[in-house]
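Worksheet: the structure to be examined is printed underneath.
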Amino acid sequence: MAELVRRFFLFQEDTTISKEALINEQIRAKEVRLLDADGNQLGIVGIQEALQRASDANLDLVNISPNAAPPVCKIMDYGKYRYDQQKKEKDNRKKQKTIEVKELRLSTFIEEHDLDTRVNQALKFLANGDKVKVGIRFRGREMGYVNKGRETMLGFYEKLKAEGNIEKQPVLEGRNMSMIIAPKTEKEKEKEAKAARLKQEQERSAQQTDKE
């Protein structure tokens, strides 16, 4: 009996109903455990009585737990429920951010102002929640300057490390070197800002001690 009561509370709290739920005359069970529109238990009743109660309330009879014995049905406005659910699903899809990988090309001996331009582009991508893949292609004799290319990539990262983390270190594959930078989470930024403030306070304290 206690288990039965526990299940009833679960039914009342569960607001998600299967899209394939049987409603009204689709329900073939001879009797059902009935809940009214407010989730109150009405006990086990015959299917015809359950349908009549739903009809009297100008609502639908929905089988919300077909595997129970007997199945549990609730009186509700199923059309409105499905509309609200679809609207909620649509809103959730809008809120979900699809992470993209944006690509930027550097050159081994890139000019400083060109490098800054790429950095600004990368910062916009990271601020939008996207990852940045940085690439350098070594042509001809440039293969002799692989270390310089790696240095250029790491210098690029130094300019935006406040906003991103290296997810993939610079790796040479054939004539192409690439590195991936992922945006930092707000939690990571807050942690680093707190550490920076603490360091500043310690330095100020040390300076005051030296003066004394």
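So if I check each of Leu160, Leu154, which one is in contact with a Leu (Cβ under 6 Å, 6 or more places away or on another chain), surrounded by 13 or more Cβ atoms within 10 Å (Cβ to Cβ) and among the hydrophobic types (A, V, I, L, M, F, W, C)? Show your work before the answer.
On the way: Leu154 fails: in contact with a Leu (Cβ under 6 Å, 6 or more places away or on another chain).
Step by step, each of Leu160, Leu154 is checked, and only Leu160 is in contact with a Leu (Cβ under 6 Å, 6 or more places away or on another chain), surrounded by 13 or more Cβ atoms within 10 Å (Cβ to Cβ) and among the hydrophobic types (A, V, I, L, M, F, W, C).
Which ones in region 171-212 are farther than 22 Å from Ala127 by Cα and in contact (Cβ under 8 Å) with a residue 12 or more places away in the chain?
Here is the first cut: in region 171-212, the residues farther than 22 Å from Ala127 by Cα are 171-177, 197-212.
Answer for region 171-212, where residues must be farther than 22 Å from Ala127 by Cα and in contact (Cβ under 8 Å) with a residue 12 or more places away in the chain: Leu172, Arg175, Asn176, Met177.
Looking only at region 102-150, which residues are hydrophobic (A, V, I, L, M, F, W, C) and more than 27 Å from the chain's Cα centre (by Cα)?
Within region 102-150, the first condition is being hydrophobic (A, V, I, L, M, F, W, C), and the residues that meet it are 104, 106, 109-110, 115, 119, 122-123, 125-127, 132, 134, 136, 138, 143, 146.
Correct list: Leu106, Phe109, Ile110, Leu115, Ile136, Phe138, Met143, Val146.
The rows are residues; the columns are (1) of a type outside the set (D, E, K, R); (2) at pLDDT 90 or above; (3) not assigned by TED's automatic domain parsing to the domain that holds Lys131.
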{"position": "Val32", "(1), (2), (3)": "yes, yes, yes"}
{"position": "Ile44", "(1), (2), (3)": "yes, yes, yes"}
{"position": "Glu49", "(1), (2), (3)": "no, yes, yes"}
{"position": "Arg53", "(1), (2), (3)": "no, yes, yes"}
{"position": "Asn58", "(1), (2), (3)": "yes, yes, yes"}
{"position": "Pro66", "(1), (2), (3)": "yes, no, yes"}
{"position": "Lys74", "(1), (2), (3)": "no, yes, yes"}
{"position": "Asp91", "(1), (2), (3)": "no, no, yes"}
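Restricting attention to region 174-187, which residues are surrounded by 13 or more Cβ atoms within 10 Å (Cβ to Cβ) and not polar (S, T, N, Q)? Even if it seems obvious, please write down each step before you answer.
Initial filter on region 174-187 (surrounded by 13 or more Cβ atoms within 10 Å (Cβ to Cβ)): 175, 177-184.
Hits for region 174-187 are Arg175, Met177, Met179, Ile180, Ile181, Ala182, Pro183, Lys184.
Scan region 93-114 for residues that are under 19 Å from Lys124 (Cα atoms) and at pLDDT 85 or above and jot them down.
Glu100, Val101, Lys102, Glu103, Leu104, Arg105, Leu106, Glu112, His113, Asp114
Which condition number in (1) surrounded by fewer than 18 Cβ atoms within 10 Å (Cβ to Cβ); (2) in contact with a strand residue (DSSP E or B) (Cβ under 7 Å, 6 or more places away or on another chain); (3) farther than 20 Å from Lys30 by Cα; (4) not hydrophobic (A, V, I, L, M, F, W, C) is the one that Pro70 fails?
(3)
Out of (1) farther than 16 Å from Gln26 by Cα; (2) surrounded by 15 or more Cβ atoms within 10 Å (Cβ to Cβ), the odd one out for Gly43 is which?
(2)
The values are calculated or read from the model by the stated rules, or taken from the named source; none is laboratory data. On a predicted model such as this, the values are computed, not experimentally measured, just so you know. Counting neighbours? That spans all protein chains shown, and the Cβs are built from the backbone with ideal geometry, glycine included.
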